[in-house]
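Trainee: A single structure is presented below for examination.
The values are calculated or read from the model by the stated rules, or taken from the named source; none is laboratory data. All values reported here derive from a predicted model rather than from experimental measurement. So basically every Cβ, Gly included, is an ideal-geometry build from the backbone, and we count neighbours across all protein chains shown.
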Amino acid sequence: MLLTAEAFLAKEEKLLAGIFIYLCTSLISSCFLFPGVFLYKQFGALAKGNRGMYALVQTDMNVFTRYLPMASSFNFVIVSAKFIFAPIERCLNCKRNFDENMKILKKLLKELNTVKEVIELRLSAELHGGTMQTEEVKNWLDDVQRIKTEIEIIEHKAKEKKFLSRAFLGRTVEEKVVELKAFLRKGKAFLGMVKSFKYMIVGGGVAAGYAAREFDRQGLKPEQLAIISKESVAPYERPTLSKGYLNPNPKAAARLPEFHVCVGSGGDRLLPDWYKEKGIQLILGTEIVKVNLALKTLVSAAGEIFKFQTLIIATGSTVIRLTDFKVEGADAKNIFYLRELEDADKLVESIKMKKYGKAVIIGGGYIGLEVAAAMRINDFDVTMVYPDPWCMPRLFTPAMAAFYESYYENKGIKIIKGTVSVGFNANANGEVKGVKLKDGRVLEADIVVVGVGARPLTALFKGQLEEDKGGIKTDGFFKTSMPGVYAVGDVATFPIKLYNETRRVEHVDHARKSAEHAVKAIKANETGEELEEYDYLPYFYSRIFELSWQFYGDNVGESLYFRDNNPLSPKPKFGSYWIKDGKVVGAFLEGGTPEENKAIAKVSRLNPPVGNLDQLKKEGLSFASKF
């Protein structure tokens, strides 16, 4: 440890000055004996300012006076000269090494600060779980702060540019370099093994799987990529959970490994062995709870440290839970949400236990409509409850919704609109038995499935990335405001070129395509190649009972129906166009063939002008087929 560093440096400079005067006196004395005695008397007074220096001078003068007659005057001059210039040479060497050692010191200090911040990050989240010896770590942190203060003093003194100061500082800097290296080793030992990857994907859903496939296509090297997922399985096609996974026929029900990505888009299944063959690390069952993007560091719930060069955020969304709003009894057993494989497994088990029971579906959106159909196929008495005046209000017009509501009612599903659940009744075992509605009614229930929306998982990155419209703001290449960090899928708010505005899109199609485009952008950035910005056409689809619909574009402006929309028809086929500013901007088709669906996609992108709405209604689907 330094003496209070100011005092240390001042004392060293004074001592060096005294030694230099003493040596000069000795040299002069050896050449001019009596004048030297005179000089001794003159400089002796100065040396008294330092007791050690004064004693040295006094002793040397005694030796000098006793043995001078026996010594060769010439040899004594040579010896004295060596004594004078040896320390001066050492001072010059220290001065010459000073600048180089200061560069090393600053580099080590920067690395030490990084280790210190990672350790503090880990401690602040209380994630060490007994693996870090807290008292020892705190002492280490205190010592790091002390060293930083000492280095600041050294830098301050160095700016004075005094020859003697820089000479003595050179030796001190050398010592600090050694000390910093030791502290770095100790700090890294506290952290344990830090896993580092060139590319990392946080989130193990659909986007992660498609990104991995695109990395492989772009020439990924083994051990460059890692996927960290809270789930315990390799990426899979999530939409299957509300469709084929709930099929009551064991032979027809979808089960892994059947629906691993990328089968949803017609590609090959990426089984766990595929990732192993490609040298891609699947780090499953691992929840990331702390992120420091500036340090390029992720910390898991178990305290593991991960470092990356390039990060893709693919955390997706999480369901909105009724417990978030403190709804009475919302924590009862057999109240389900559907987002992950584990959720679906629990629901399937409950369906088996409560066979032929009563199911209440809360919500009239995607999940509500698809799960209601699945529960009816499982022979449950199904009731849907939602607050809106019609189902799927973000996409369907009232007339479109009327068709699907009538179809569901014909299948035996009861629909209650314009109200919400305000509480739940449970039996002695804590299982849900009733759903209390705001209008006073109570619905019997053995199973409740809630589908009231989702919110993007962006909390880990709050304050570190620019946000927009509830998501992480990106450009047309999915770059965020932080260099080397990309965001894709549900969490990304990105520019839609077709409409000259930014949006956040929650759909599997966008998750797939945005992930692939982000990887292409990463590789293009590395190679210097040009890449077009993401040019996305919004797309949604669903399959329920015998029905299957697709939508492309934007559902704004005036809507116009065409063809048959009778819910009693054996195979209903109908559609709708949306017209804004005299142009078709969106199209919907129920029961379309692959060719017909391609046609409405094309017309939605081209935005052709429409002269006469009556003529458009008369042409119907054939209008789209012209393009």
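Trainee: Can you tell me which residue among LEU311, LEU341, LEU369, LEU298 is within 28 Å of ALA515 (Cβ to Cβ), of a type in the set (A, V, I, L, M, F, W, C), in the same structural domain as ASP446 (by TED's automatic domain parsing) and crowded, with 20+ Cβ neighbours inside 10 Å?
Mentor: It is LEU369.
Trainee: Continuing with the same structure: Only one of these is out of contact with any strand residue (DSSP E or B) (no Cβ under 6 Å at 6 or more places or on another chain) and among the aromatic types (Phe, Trp, Tyr): PHE325, PHE308. Name it. Steps first, answer last, please.
Mentor: Numbers: PHE308 fails: out of contact with any strand residue (DSSP E or B) (no Cβ under 6 Å at 6 or more places or on another chain).
Matching residue, one of PHE325, PHE308: PHE325.
Trainee: Additional query: Out of all the residues in segment 417-428, is one or more farther than 28 Å from SER559 by Cβ, crowded, with 16+ Cβ neighbours inside 10 Å and touching a helix residue (DSSP H, G or I) at 6+ places or on another chain (Cβ under 9 Å)?
Mentor: Yes, segment 417-428 contains at least one residue that is farther than 28 Å from SER559 by Cβ, crowded, with 16+ Cβ neighbours inside 10 Å and touching a helix residue (DSSP H, G or I) at 6+ places or on another chain (Cβ under 9 Å).
Trainee: Let me ask something additional. From the list LYS571, LYS602, LYS598, pick out the single residue that is surrounded by fewer than 19 Cβ atoms within 10 Å (Cβ to Cβ), outside the structural domain of GLU409 (by TED's automatic domain parsing) and either of a type in the set (Asp, Glu) or in a loop (DSSP other than H, G, I, E, B) (or both). Give the steps one after another, and end with the answer.
Mentor: On the way: LYS602 fails: either of a type in the set (Asp, Glu) or in a loop (DSSP other than H, G, I, E, B) (or both); LYS598 fails: either of a type in the set (Asp, Glu) or in a loop (DSSP other than H, G, I, E, B) (or both).
Being surrounded by fewer than 19 Cβ atoms within 10 Å (Cβ to Cβ), outside the structural domain of GLU409 (by TED's automatic domain parsing) and either of a type in the set (Asp, Glu) or in a loop (DSSP other than H, G, I, E, B) (or both) holds for just one of LYS571, LYS602, LYS598, which is LYS571.
Trainee: Is there any pair linking a residue in segment 603-614 that is within 13 Å of TYR577 (Cβ to Cβ) to one that is among the charged types (D, E, K, R), with Cβ under 7 Å and at least six apart or on different chains, and which?
Mentor: ASN607/LYS583; PRO608/LYS583; PRO609/LYS583; VAL610/LYS583
Trainee: Of the conditions (1) touching a Lys or Arg at 6+ places or on another chain (Cβ under 8 Å); (2) farther than 20 Å from LYS198 by Cβ, SER242 satisfies every one except a single condition; which number is it?
Mentor: With (1) touching a Lys or Arg at 6+ places or on another chain (Cβ under 8 Å); (2) farther than 20 Å from LYS198 by Cβ applied to SER242, the lone miss is (1).
Trainee: Pairs needed: first member in segment 421-450, of a type in the set (Ser, Thr, Tyr); second member anywhere, crowded, with 20+ Cβ neighbours inside 10 Å; C-beta distance under 7 Å; at least 6 residues apart or different chains.
Mentor: If the second residue must be crowded, with 20+ Cβ neighbours inside 10 Å, the pairs left are SER421/ILE362; SER421/VAL385; SER421/VAL435.
Trainee: Within segment 509-568, track down each residue that is of a type in the set (Gly, Ala, Ser) and touching a Gly at 6+ places or on another chain (Cβ under 7 Å). Explain how you work it out, then say what you get.
Mentor: Initially, segment 509-568 is screened for residues of a type in the set (Gly, Ala, Ser), giving 511, 514-515, 518, 521, 524, 528, 542, 548, 553, 557, 559.
Result: ALA511, SER514, ALA515, SER548, GLY553.
Trainee: Next up: VAL449 passes all but one of (1) surrounded by 15 or more Cβ atoms within 10 Å (Cβ to Cβ); (2) of a type in the set (Val, Ile, Thr); (3) not in a strand (DSSP E or B); which number fails?
Mentor: Unmet condition: (3).
Let's see how each residue does on (1) surrounded by 15 or more Cβ atoms within 10 Å (Cβ to Cβ); (2) out of contact with any helix residue (DSSP H, G or I) (no Cβ under 7 Å at 6 or more places or on another chain); (3) within 21 Å of TYR337 (Cα to Cα):
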site: LYS352; (1), (2), (3): no, yes, yes
site: GLY357; (1), (2), (3): yes, yes, yes
site: ALA373; (1), (2), (3): yes, yes, yes
site: PRO393; (1), (2), (3): yes, yes, yes
site: GLY412; (1), (2), (3): no, no, no
site: ILE415; (1), (2), (3): yes, no, yes
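Trainee: Could you list all residues from segment 198-230 that are in a helix (DSSP H, G or I) and in contact (Cβ under 8 Å) with a residue 24 or more places away in the chain?
Mentor: Going through segment 198-230, the residues in a helix (DSSP H, G or I) turn out to be 206-217.
Residues satisfying the conditions are VAL206, ALA207, ALA208, GLY209, TYR210, ALA211, ALA212, ARG213, GLU214, PHE215, ASP216.
Trainee: What strands (runs of 3 or more DSSP E) lie completely within segment 480-545 and have 2 or more residues being touching a Lys or Arg at 6+ places or on another chain (Cβ under 8 Å) and not hydroxyl-bearing (Ser, Thr, Tyr)?
Mentor: Values: elements: 485-487, 492-496, 501-504, 539-544.
Per the criteria, 492-496, 501-504.
Trainee: Here's something else I'd like to know. Of these, GLY434, GLY430, GLY412, which one is touching a Phe, Trp or Tyr at 6+ places or on another chain (Cβ under 9 Å), of a type outside the set (Ser, Thr, Tyr) and at pLDDT 95 or above? It would help to see each step written out before you state the result.
Mentor: Values: GLY430 fails: touching a Phe, Trp or Tyr at 6+ places or on another chain (Cβ under 9 Å); GLY412 fails: touching a Phe, Trp or Tyr at 6+ places or on another chain (Cβ under 9 Å).
Going through GLY434, GLY430, GLY412 in turn, the sole match is GLY434.
Trainee: Output the number of residues of segment 512-566 satisfying the condition of being buried (at least 20 other Cβ atoms within 10 Å of the Cβ), polar (S, T, N, Q) and closer than 22 Å to PHE477 by Cα.
Mentor: 1
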